1. Considering only C-alpha atoms, what is the centroid distance from the range 146-190 to the range 72-143, in Å?
2. Note down the relative contact order for the range 184-288 as a percent, whole number, built from C-alpha pairs under 8 angstrom at least six residues apart.
3. So if a site counts as exposed when it's one of the GluC sites (Glu not before Pro), its DSSP state isn't H, G, I, E or B, and it has at most 16 other Cβ atoms within 10 Å, what's the longest stretch of the chain without one?
4. Of all DSSP beta bridges in the chain, what percent run antiparallel (nearest 5)?
5. Length gain on complete extension for the stretch Glu233 to Arg110, per 0.36 nm per residue less the alpha carbon to alpha carbon distance?
6. Can you tell me the length gained on complete extension of the stretch Phe275 to Ala250, counting 0.36 nm per residue apart and subtracting the Cα distance?
7. Based only on other Cβ atoms within 10 Å, what is the fewest-to-most ordering of Val215, Val188, Val286?
8. Would you mind computing, in nm to one decimal, how far apart the modelled labels at Val127 and Ser80 are, each placed 7 Å from Cα along Cα→Cβ?
Amino acid sequence: MKRSLSTSTRDLRVTVLSRRREKHTVLLRRAGRVVAWLLFAVAILLMAWLALTGVRHVLLVRNPHFVLQRIDVNVFGQLSQEAVEDLLHKCKVEVGRSTLFGLDLRKTRRELTGSHVLIKRVVLSRVLPDTLRVDVYERDPVAQLHHRRGRMLDSAGTVLPPGTAPRMWSLPIVTGVPKAAEAVEGDVLDDGLLRTALTLIRLSASESCARYLDVTLIQLDPANQRLKLFLAEKRPFRTGAQILLPGNEADLVEALRRVEVIARERYEGRQVTGFIDATYKVNIPVLP
């Protein structure tokens with residue numbers, strides 16, 4: 001009886017193991033077929049891609065009808081068209097040799113943008129059959145760094161070369177900027193007071209501020225964490241009038257509103273103004 005039970009148990013184990021092997025074999029076969037189909041599909045896609053690439057190369061890249069014959073350069077700023085064309089030549093964009101579809105516009109745009117500190121953004125577009133349109137947008141100077149007709153700053157604090165247009169020489173001068181002497185063109189000056197000063201320049205261009213304020217110089221005062229503004233003559237302010245503002249951007253808007261209210265009241269009262277300390281929120285000192 002015991003031998004019969006032992007034999008049955010062994011037979012059962014053999015049967016179970018045999019079934020497991022069969023299932024495992026079936027799964028391996030299925031997996032093999034799936035892998036084979038995937039490899040086949042990848043091969044088909046690869047051949048299709050190679051075929052399309054070859055057709056594109058023949059019909060577009062090497063087609064003599066698309067050889068570059070003209071570059072249409074539009075510069076929104078002070079760079080000359082010749083300077084941009086020279087930069088394009090350095091990026092291997094050449095009339096008579098390059099083809100419109102042979103040019104990697106993304107790479108060319110990236111190289112051209114990084115080729116000159118004044119260039120902020122470049123837009124390239126193909127004009128069939130033989131023209132490349134190049135639109136160059138420059139960084140917009142908003143202030144002069146430390147002295148008139150010196151280096152410039154854009155709204156992000158990027159150091160730019162001296163301006164060539166007379167209108168740039170009338171932009172506000174910003175002094176007291178830390179490490180400005182060591183900075184080279186293209187560097188971004190990261191300073192809290194400077195950021196506040198640049199925000200002030202943007203806000204002072206609004207109609208409500210520009211009606212009364214003509215800022216000629218902004219002096220950073222890190223010891224007191226404030227800005228000192230010097231103004232040109234514009235009612236109600238006299239030449240050289242000073243305004244003190246907080247150096248924190250969060251407090252700047254409210255301080256400017258206080259200045260606007262005082263300027264409007266003194267304008268309407270025909271009172272000449274020479275000094276406002278807008279770092280005060282109440283009992284604001286005002287002098288003629």
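Coordinate-derived values only; no laboratory data. Quick caveat, the model's predicted, so the values are computed rather than measured. When we count neighbours, we look across all protein chains shown, and the Cβ atoms used for this are built from the backbone with ideal geometry, even at glycine.
1. 25 Å
2. Across the range 184-288, relative contact order equals 21 percent.
3. Counting at most 16 other Cβ atoms within 10 Å as exposed, the longest clean stretch of the chain is 1-93.
4. In the chain, approximately 65 percent of DSSP beta bridges are antiparallel ones.
5. So the chain would gain 39.8 nm between Glu233 and Arg110.
6. My answer for the length gained is 6.7 nm.
7. Lowest to highest Cβ neighbour count: Val188, Val286, Val215.
8. About 2.2 nm, to one decimal.
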